[in-house]
Amino acid sequence: MAKGARVREEPGYDRCVSALLTDEVDAVVAGRPILDGLAEETGHEYVHVADASFGVQSYGVAVAKGSTTLAEQVDDALRQMVKDGSWDAAVRDLEAFGGYRADRELCAKRMQSVTDPARGSQQ
């Protein structure tokens, strides 16, 4: 950490950006897609997203415990998105939005685990 940096946790991203814009904190750390969305919403003239990477970040989908049917529906929807090409379209759209670049090889590996019928639903 940089000497003299002001660090604290906030309950939500909107509060993080508010703290940044009011000079209460020096920076906000989050996933790149989240930061790009916040910069777009706040205005690129106020927020700059540094082109830095801190490793691989995984995302998931959470449902309430016991929501087996919903979890299966999410799995089915993801499988269908991969099958019909809408997953790739979503990745391309994300890349067009704010310059985010997805690691397509890593995405393919992760999505393969979702689409592998032998693996079954993950709850």
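Structure values in brief
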read-out: FRET E, pair Glu40, Lys3, Förster distance 30 Å, beta-carbon r, rounded to 0.05; value: 0.40
read-out: Separation in nanometres of the label points that stand 7 Å from Cα toward Cβ, at Val63 and Ala27; value: 3.8 nm
read-out: Within-12-Å neighbourhood charge of Arg15 [Cβ basis; K, R +1; D, E -1]; value: -3
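None of the figures in this text is laboratory data; all of them are computed from the coordinates on show. From a predicted model like this one, the values you see are computed outputs, not experimental measurements. Cβ sites come from the backbone with ideal geometry, for glycine too, and all protein chains shown count toward neighbours.
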